[in-house]
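Notes follow once the structure below has been shown.
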Amino acid sequence: MCHVRPNRFITDRLKAIDASGIRRVFDLAAKLPDPINLSIGQPDFDVPDTIKDAAIDAIRGVNRYTVTQGIRELKDKVTALLAQQLPGWTPAGFWT
């Protein structure tokens with residue numbers, strides 16, 4: 001004879017499962033007066049049309065995987081920006 005109560009089987013088993021770490025963090029944050037939610041990164045505003053249009057223009061005609069070494073033009077711009085912002089920095093070994 002089975003002693004499992006069918007109407008309680010699932011709820012009893014669920015109570016035995018501990019909450020995940022992230023769930024405990026969310027529960028803790030819910031108790032704070034004004035927490036900043038950095039979990040998923042969903043904006044609380046619509047993306048401006050100028051940014052949407054720029055993104056569309058950027059992928060028009062260039063919507064494929066890049067080479068594994070990266071896009072030369074982008075690497076050059078990043079290198080120039082880092083050299084400007086970090087005096088003494090050189091790209092030696094940076095892109096390898």
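What to note about this one:
- Choice from D46, D12, D34 with maximal GNM fluctuation in the chain (Cα, 10 Å cutoff): D12
- Listed by chain and number, the lysines placed with their C-alpha closer than 19 angstrom to that of K77 amount to none; residues fewer than eight positions away on the same chain are left out.
- Across the range 32-47, rounded Karplus estimates of 3J(HN,Hα) from the backbone phi angles (6.51 cos²θ - 1.76 cosθ + 1.60, θ = phi - 60°) give 7, x, 8, x, 9, 8, 10, 6, 9, x, 6, x, 9, 8, 6, 5 Hz, Gly and Pro being marked x.
- Over the chain, DSSP H runs of length four or greater, each weighted -39,500 (n - 2.57), average out per residue to a 222 nm ellipticity of -13000 deg cm²/dmol.
- The residues of the chain have, on average, 97 Å² of accessible surface per residue, using a 1.4 Å probe with all protein chains present.
- Net length gained if the chain between D76 and R13 were fully extended (0.36 nm per residue, minus Cα distance): 17.0 nm
- Principal semi-axes in Å for the chain [√(5λ), Cα gyration tensor, largest first]: 50, 20, 20
- Element breakdown for the range 43-96 at a 1.4 angstrom probe: carbon and sulfur atoms account for 62% of the accessible area.
- Note that the range 56-63 has calculated 3J(HN,Hα) couplings of 4, 4, 5, 8, 5, x, 10, 10 Hz, one per residue in order, obtained from phi through the Karplus relation 6.51 cos²θ - 1.76 cosθ + 1.60 (θ = phi - 60°); glycine and proline are x.
- Per residue, the convex hull spanned by the Cα atoms of the range 50-90 measures out at 91 cubic angstrom.
The values are calculated or read from the model by the stated rules, or taken from the named source; none is laboratory data. Predicted model, so just to flag it, every value in this text is computed and none were measured. For the accessible areas, the whole protein counts, side chains as well, though only heavy atoms, and no ligand, DNA or RNA atoms are used. Shrake-Rupley method; radii C 1.70, N 1.55, O 1.52, S 1.80 Å.
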